[in-house]
Every structure is written in structure tokens, then in C-alpha cells.
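Report on one structure; see the data block that follows.
The values are calculated or read from the model by the stated rules, or taken from the named source; none is laboratory data. These numbers come from a predicted model, not from an experiment. Counting neighbours? That spans all protein chains shown, and the Cβs are built from the backbone with ideal geometry, glycine included.
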Amino acid sequence: MWNTLVTKIDQIETMILDIPTIRGHVLSMATMRTQTAVVVVVRFSDGSEGIGEGTTIGGLSYGPESPEGIKSAIDTYIAPALIGRDADSVNAAVHLIDKLVKGNRIAKTAVEIALWDGLGKRLGVSVAQLFGGAVHERLPVAWTLASGNSETDIAEAHEMIETRRHNIFKLKIGKRSVRDDVAHVARIKQAVGDAASVRVDVNTAWSLQDARWGLKGLQDAGCELVEQPVPARYRRAMAELSSGYEIAVMADEALNGPEDALAVVSANAADVFAVKVAQSGGLKRASEVIAIGQAAGLGLYGGTMLETGLGTAAALQLFATTEHLSWGTELFGPLLLTDEILAKPIVYRDFCVEIPKGVGIGVTLDPDKIAFFRRDVGRTITAVAGE
Ligand SMILES: [Mg+2]
């Protein structure tokens, strides 16, 4: 029987993990004290397994998918459609799910990563090799200063520079007035000087008028890049800001897959793409976003949804294959969490994150940690003290 040789998708298990953050992470729309990750384990008919992650930021305050919704979309719609299908054609699975499930990109991502991981493990190669091979062994990694307090942020920045962990800082702004935010950024840039690159993320909080004042002030303060200053749909405003100032304007929330990437390029609505695997709908769709950005001559940046080491490793596999990632990455998610869920943590040193070596996405889970952080075991999370 020829079809006994085909490896099939046997089982898809999902679980929600709640992991405390090391400090309050203050964003324009929410303050995070816990990060919630959806982890997927796909089991295949030959006994192999693949792992994936689909994670968002701040419940439903960042985007249209919540952790609970991600789990539900997989359990109710994606998993039943994939059980019994050929495990070795990730493309066939991606096309089928795109046909059956609209939107829900983060849910699709979690399953897709697990399929790539399983395929890589069966073939004995890394996911980077499945995407043509790595051209980087390590990538620059930014840290986000988001304590909500300038002095705390400055102390944190100095510590990161001294320990050679980060020399690129992204400041989360947009919660206070534009004037106060610009003053906060200027204080931090003045404190770190030329030892670090300072950038900001407004997470869509500004109007076009706010953004005009904001970009002018940020540029004068020595800030190099502003991420998603206005809402995602305001492409004309993004285009005006991109052409009106020297400071680089980066699209993040505006980029949900390759179709958005093309629309942003067509509208000249960004200088840089923040490429996020989860927001793109998986590694394959993220690779298409990268291709569109590259073809348009834009800068590229490896973005994060503050995934655990699992989703971070998957993103690293793809970004390792990208020729020019001129703005580096922000794949620091595991460092924001109080605990590690991988058997072997991802390595951060000399201002870079190292691409995990090994088959599949290059990492394995620590079963004790997974059991500890699973929401369905009924443990109560106590939030850490934060700003
Ligand atoms: Mg962002």
C-alpha cells in the first residue's frame, strides 16, 4: 500500500500558558504583567512531533485575535480540517486552511510553525534550510524600554549596554501627551548618546496632527525610527509622514500578510517593514512580506509579538535566511518573561541573538515548565510588581 508511506497529521493539541513578565510592560493601549502564549503540539503518524506558538500582545487591546480565540480557532476549525492530511506538504495545509478560515492569522501561524518543525525534524534539517538556508548565525536584537518611567528606562539602558546585551532601544510611547513623550525620548537619547540607537513605537496612538509634531520633535532629539505612529488603516497619513521627515517610518500594525505589504508599498506608506511571523499568518506568508519589502527597496526589521522562546526560535529560522535585515530584530520575547519554557534557552550575547542550531526550529520544550504554566491546570498567577 503506497499510502502507508505517507506521514499524516494525527493529532493537534493546543494549550494556553500564562507566564509573568519581569516588570510591567507599558504600551500605549495596555500594561502587561503576564504574557499569554498559545502553544501547539502536532503529532504525526510516524511518531514524530512538531511544536508551534501563536501569541498576541495585551489580550484584545493590540489586535483582533485573543489567546482564547486563537486556541478556539485551532481546536474548532483548523485541527479538524488537517487531521489525516499529508504532513509533508506544509503548502497544501496552508492553502487548505486559508480557504476554510478567514483572518485568524495568529492561529494559522501556530499550526504552520509546528508543521514546518515536524517536517524539518523528519528530514533532519533546520527550518532555515527548508527556506533555502541560513545566511546569518546571529542577528542584532533590540530591547524595549517600557517601564513607563524615564529614570528607570535610563538605568535599564545603561545596564544593557554595559552587559553587552542590547545597544538598540525601542521606546514604547503614545500614552502621554506628544510633548511629554518627546521629552522622555530626548532624555533617554541624551543619556545613551552614540552608544545606542533609539527608536520609538507609538502603537497607532497618534492622530496625523500629533504625529507631525511628534516626528519633528523625535527627529530633533536624535531618534532614528518611528513605528506605526498612526492607525493601521491611515495609509495616506503614513505616506505623508514617510515623505515629510528624514526619520524612518515603520509599518507594523498595518502589515497583516502579503496583501497588506503590497498595499503599503503601493501607497508609499512606510520606509521600513516590521515583519512579524504571527501577524503575517506564518513563516511562509512572512517570507512573502519580506520579498515584497525587498523588491520595493524598503528597510526590514524582524518584529515580535513577545513570543516565548518557541515562537522566537521559529522567527529566527526565517530571519536567518533574509539577506538584509537592515534594522535588526526585536526578538527579545523570552528575556521579558520570568521563566524559560525551552529545555535549552536561546542565547543572547554581544548585542545579538543567536540562531538556534538543530533540526526543525532548533528548540525543544521543558515539559515541567509547560505543565507549570498551563492555564488549564488551575494554578493562580500572581502578578509581579511593576510600574
Ligand atoms: Mg510595534
What are the pairs, 6+ residues apart or on separate chains, where a residue within the stretch 253-273 that is of a type in the set (Asp, Glu) has its Cβ under 6 Å from a residue that is assigned to a loop (DSSP other than H, G, I, E, B) and within 14 Å of the ligand (Cβ to nearest atom)?
253/204; 253/228; 253/232
Checked the stretch 237-255 for anything in a loop (DSSP other than H, G, I, E, B) and away from the ligand (no atom under 16 Å from the Cβ); matches are 245, 246
Residue hits (the stretch 348-365; under 14 Å from residue 137 (Cβ atoms) and part of a strand (DSSP E or B)) are 348, 349, 352, 353, 354
Among the residues of the stretch 262-315 satisfying the criterion of being among the acidic types (Asp, Glu) and outside any helix (DSSP H, G or I), which is farthest from residue 357 (Cα to Cα)?
271
Check whether at least one residue in the stretch 82-93 is buried (at least 17 other Cβ atoms within 10 Å of the Cβ) and within 17 Å of residue 257 (Cβ to Cβ), and report yes or no.
yes
Tell me yes or no: at least one residue of the stretch 3-16 is under 20 Å from residue 359 (Cβ atoms), part of a strand (DSSP E or B), among the hydrophobic types (A, V, I, L, M, F, W, C) and modelled with pLDDT of 95 or more.
yes
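Would you check if residue 318 is touching a Ser or Thr at 6+ places or on another chain (Cβ under 8 Å), crowded, with 24+ Cβ neighbours inside 10 Å and assigned to a loop (DSSP other than H, G, I, E, B)?
Values: touching a Ser or Thr at 6+ places or on another chain (Cβ under 8 Å): yes; crowded, with 24+ Cβ neighbours inside 10 Å: yes; assigned to a loop (DSSP other than H, G, I, E, B): no.
Answer is no for this residue.
Give the stretch 218-246 a look and list any residue that's among the aliphatic types (A, V, I, L, M) and crowded, with 24+ Cβ neighbours inside 10 Å, or say none.
Residues of the stretch 218-246 that are among the aliphatic types (A, V, I, L, M), as a first pass: 218, 221, 225-226, 230, 232, 237-239, 241.
Those that are among the aliphatic types (A, V, I, L, M) and crowded, with 24+ Cβ neighbours inside 10 Å: 218, 226, 230, 238, 241.
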